[in-house]
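One structure is given here, and the rest of the page talks about it.
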Amino acid sequence: MEQANPLRPDGESKGGVLAHLERLETQMSKSRKQSEEPQSVQAQEGALGTKIHKLRHLRDELRAAVRHRQASVKASIANVEPNLAVEMSEQEVLEEKLENVKAVLQAYRFTGLSGKLTSRGVCVCINTAFEGNLLDSYFVDLVIQKPLRIHHHSVPVFIPLEEIAAKYLQTNIQHFLFSLCEYLNAYSGRKYQADRLQSDFAALLTGPLQRNPLCNLLSFTYKLDPGGQSFPFCARLLYKDLTATLPTDVTVTYQGVDALSTSWEEQRASHETLFCMKPLHQVFASFARKGEKLDMSLVS
């Protein structure tokens, strides 16, 4: 019995056709995948491109924000630094002035000028003296700030403190203190002389001593021989320089006499010279020692 021929008339077997179809399907599938892959890649590339564009836009915005912030910070620093520099400069100036005051007080503590630091600045004490005699003391409480100012003081109202402060307090505090010392010492010296005249030589005065509060204008009458018949002298002493203890203008006249002899005129003129050259109480001490005989050694 013959065995069936598996081949078809066209010579192809059934199994071969199926295998061929599978191969064709596989190839077609691969072809479709290959044709779809470029589209998928293009879609992915498009999505990535959009994302990159967005990220770049965000980066640019952040960079712009950072630059704006940096510019704002620099502008703020530029505005603050000058003010800070000014404040530091003012503080340094005030500290320097305080150090100058301390140096002045330290250097001149034996000349009647002393002081102590306070919470506001420094309180300066001025001790006046004349011919080695300690007299009145005055204080000036200074506030060390800008501008410097006087918080409180005991300077007499007739001393030109405001004028002195206007000239020197802000520019040269050392000059301010020295100038004030000159005025106060001169005033105390003039007052001391007038007080001595009233207390020690009242016997030579024939009337009250007249003086103004500043003691820069004195007038009085006196006699060299209180028990004698001599005419009294009338003296007028003017101290135009308020920092001086000797008068700048002196006028001595005779009271009740129109004309003087030559000797009396010489004596009157000598008195004027003495009052211009020597302290008041020293001149009267000479009068008291010599009586009518004038001590001309004081004039030399």
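The values are calculated or read from the model by the stated rules, or taken from the named source; none is laboratory data. As the structure is a prediction and not an experimental result, all values here were calculated from the model. FYI the Cβ positions are ideal-geometry reconstructions off the backbone, even for glycines, and counts take in every protein chain you see. Note: areas computed on protein heavy atoms with side chains; ligands, DNA, RNA excluded. Shrake-Rupley method; radii C 1.70, N 1.55, O 1.52, S 1.80 Å.
Scanning segment 32-56 for residues that are open to solvent by less than 100 Å² (accessible area, probe 1.4 Å) and modelled with pLDDT of 70 or more turns up ALA43, GLY46, ALA47, GLY49, THR50. Do any residues in segment 255-281 that are assigned by the TED database to the domain that holds TYR239 and of a type outside the set (Asp, Glu) have Cβ atoms under 6 Å from those of residues that are modelled with pLDDT of 90 or more and open to solvent by 40 Å² or more (accessible area, probe 1.4 Å), where the two are at least six apart or on different chains, and which pairs are they? Short answer, once both residue conditions are applied: HIS281/ARG196.
For segment 113-124, what are the residues that are out of contact with any helix residue (DSSP H, G or I) (no Cβ under 8 Å at 6 or more places or on another chain) and either surrounded by fewer than 16 Cβ atoms within 10 Å (Cβ to Cβ) or outside any strand (DSSP E or B) (or both)? Within segment 113-124, LYS116, THR118, SER119, ARG120 meet the criteria. Would you mind stating whether LYS146 is open to solvent by 70 Å² or more (accessible area, probe 1.4 Å), at pLDDT below 90 and outside any loop (DSSP other than H, G, I, E, B)? It is false that LYS146 is open to solvent by 70 Å² or more (accessible area, probe 1.4 Å), at pLDDT below 90 and outside any loop (DSSP other than H, G, I, E, B). Exactly one residue among PHE231, PHE220, PHE287 is modelled with pLDDT of 95 or more and either outside any loop (DSSP other than H, G, I, E, B) or more than 15 Å from ARG190 (Cα to Cα) (or both), and that residue is PHE220. Which residues, counting only those in segment 135-161, are within 14 Å of LEU242 (Cβ to Cβ) and out of contact with any helix residue (DSSP H, G or I) (no Cβ under 6 Å at 6 or more places or on another chain)? Correct list: PRO156, VAL157, PHE158, PRO160, LEU161. Just one residue in the set ASP136, ASP141 is open to solvent by less than 30 Å² (accessible area, probe 1.4 Å), of a type in the set (Asp, Glu) and either within 30 Å of GLU92 (Cα to Cα) or touching a residue at least 40 places away in the same chain (Cβ under 8 Å) (or both); that residue is ASP141.
The rows are residues; the columns are (1) over 22 Å from GLU163 (Cα atoms); (2) crowded, with 16+ Cβ neighbours inside 10 Å; (3) not hydrophobic (A, V, I, L, M, F, W, C).
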site	(1), (2), (3)
GLN198	yes, no, yes
ALA203	yes, no, no
ARG211	yes, yes, yes
LEU224	yes, yes, no
ALA235	yes, yes, no
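Counting the residues of segment 166-178 that are open to solvent by less than 10 Å² (accessible area, probe 1.4 Å) and not aliphatic (A, V, I, L, M) gives 1.
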